[in-house]
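This report refers to the structure that appears directly beneath it.
The values are calculated or read from the model by the stated rules, or taken from the named source; none is laboratory data. Being a predicted model, the structure only gives us computed values, none of them experimental. Please note: Cβ atoms are built from the backbone with ideal geometry, for glycine as well, and neighbour counts cover all protein chains shown.
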Amino acid sequence: MKLLIVDDEELTRTGVISSLDWSSLGIDEVIQADDGVHGLETARLYKPEIILCDVRMPRMDGITMLERLEKLLPDSVAIFMSGYSDKEYLKAAIKLKAVNYIEKPFSLSEIEDAIRDARELYQQKVHSRRGETLHSMETASRLALQLTLPYGANSQTIAGLTSELGITMNNSTYFTAFIVKTDLFLEANVPSMADFCQDFLDFLASFRTKCIYLEKKMQYLVYFLFSQEAPSSHQIHAAGEYLCSHFEKYGRYTIAVGDTVYGLPKAYQTYTSAVILLQSGYFFPENSLLTSESLENIPDVQTNVFADTPAGSFADILSRQDADGAKKFLDTLYQNFFKNHRFLQNPVKDMYYKLFLCLEDARHQQKIAGSGNVESIAETIDDCFTFPELHQTLVNKTSEFFRKAESSSQENPTIFLIKDYISQNYMHETLSVKDISEHVFLSTSYVCTFFKSETGQTLNQYLTEYRMEKAKQLLKDARFKISDISSRVGYSDGNYFGKSFKKYSGFSPSEYRERNIQ
């Protein structure tokens, strides 16, 4: 908390500053000014929470200074200092809601008590204002939700909410919807979101434009920009770029801009056009800003890819271990879908699910150790934020398949079965050597001896290494909490996981994440 002392007597200022234990009063920084004019300039620069101010000063008195600061610093609390003869100023001080009026000369205990009272009053004012802000944000969010629905049945609700907020929305209002999709679940961080929303509103004010927003399904933010003047394409693009500059700080995003509509009954249409555009956004690179105009210059790729049987072709290529053929197949597939707004996400995801299954089937048929289980394929697909990321994941898995096919051609079938079983079950904390030996129909002692002689590692060493390498992959992805990662790789005890990871890698999980975060 900052405190500003404004007094034309240097002795008073330095005496107060040097005599008080500021940290015990909750004051982190003390600034000073020698008259009302300098006090006004300093307050605008530092925005102090408490202002300790003389009444009579050259050029500008304390009352005038505080009156001018009232709009700029509505929550700041004033303490006036003055002599007994300045009683005529007392009424003005009361109007400005000064927390105290200290007569000179004053004791240190008097000023300490006044500062404590001021600090408490400031906290009360901030708490009250925050409550008002939250209520206003909640009301605006309810209004934004109504605008995502057809107007007819909701017209009275919309009228009530606009009246409560004191804003104008009518048949002469222009609306443009922006939908932001993020790759992180939005946590309840109302103060920071409120701060950004205020900054965004200030930015839009230069266009004479206002905004309301809401969260949908924890991963989407919907902004409705509205004004009584038609926005230019430059203004729409500038608003989109402003959103981009904010969300790029927190991870990946896609922003879809709906078509601008005229009239409150049509507000729903700008939202639906943004939703449709967001579907196409899946086939574009991450961190894209999409408008209907941005799609106009993209050629409409004609393809019968769904009429063909790509999974069958891919399976045949894998069975022949044709690495070059696989590369050509995947390149062609990518060109069919990248930036192609004719497709919807789900049919393409279903196709890629079948291609991942082809890899899994080929791996089993050719006895190639895997890196996951069939159940994780759906999760892998859902984790991909865009089609380019999904395709690259398939490319990486395919490259891994051919690399392992080459290196494991001489691997013992029993070793393959053991490694494959571990890749399917490493996430289970209870996985034991006994489970593995039963899976391959051998005794526990024989499995341990045989595995060590074939690989140079004990089974437990291999299992730990496998889990730690999986943990490394997950730690590079900021979406996963460290506590969740430990359970994902078979450790219910987070502390034990941390110790094991540090022993294996030389770093704690948090240190490794800081060094390798994507």
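Descriptive notes on the structure:
- Search result, residues across segment 501-515 that are part of a helix (DSSP H, G or I) and out of contact with any helix residue (DSSP H, G or I) (no Cβ under 7 Å at 6 or more places or on another chain): K502, K503, E511, E514, R515
- Criterion (loosely packed, with under 14 Cβ neighbours inside 10 Å, modelled with pLDDT of 90 or more and in the same structural domain as K419 (by the TED database)) met by exactly one of S487, S483, S453: S453
- Within segment 228-247, the set of residues being in a loop (DSSP other than H, G, I, E, B) and surrounded by 12 or more Cβ atoms within 10 Å (Cβ to Cβ) comprises Q228, E229, P231.
- When residues of segment 4-35 are limited to those that are within 18 Å of I102 (Cα to Cα) and of a type in the set (G, A, S), the one surrounded by the fewest Cβ atoms within 10 Å (Cβ to Cβ): S19
- Yes/no for A144 being at pLDDT 80 or above, more than 24 Å from the chain's Cα centre (by Cα), surrounded by 12 or more Cβ atoms within 10 Å (Cβ to Cβ) and not assigned by the TED database to the domain that holds L289: no
- Within segment 211-224, at least one residue is modelled with pLDDT of 95 or more and either part of a loop (DSSP other than H, G, I, E, B) or in contact with a Cys (Cβ under 6 Å, 6 or more places away or on another chain) (or both).
- Top-ranked residue in segment 397-450 [being more than 36 Å from the chain's Cα centre (by Cα) and among the small types (G, A, S); ranked as surrounded by the most Cβ atoms within 10 Å (Cβ to Cβ)]: S437
- Note on segment 319-347: residues that are under 32 Å from the mean Cα position of the chain (by Cα) and at positive phi amount to 1.
- Among residues of segment 328-369, those that are among the polar types (S, T, N, Q) and closer than 14 Å to D316 by Cβ, counted: 2
- Residues of segment 44-64 that turn out to be more than 18 Å from A114 (Cβ to Cβ) and either part of a strand (DSSP E or B) or touching a residue at least 24 places away in the same chain (Cβ under 8 Å) (or both), as a count: 10
- Residue that is nearest to K2 (Cα to Cα), among those in segment 37-77 that are modelled with pLDDT under 90 and of a type in the set (S, T, N, Q): S76
- For L277: the one exception among (1) assigned to a loop (DSSP other than H, G, I, E, B); (2) buried (at least 20 other Cβ atoms within 10 Å of the Cβ): (1)
- Among (1) at pLDDT 90 or above; (2) within 26 Å of C244 (Cα to Cα) - the single one D322 does not satisfy: (2)
- Single condition T398 does not satisfy, out of (1) β-branched (V, I, T); (2) modelled with pLDDT of 90 or more; (3) not in a helix (DSSP H, G or I): (3)
- Tally, over segment 441-459, of residues that are part of a helix (DSSP H, G or I) and touching a Cys at 6+ places or on another chain (Cβ under 8 Å): 1
- In segment 78-113, the residues that are modelled with pLDDT of 80 or more, surrounded by 15 or more Cβ atoms within 10 Å (Cβ to Cβ) and not aromatic (F, W, Y): A78, I79, M81, I111, E112
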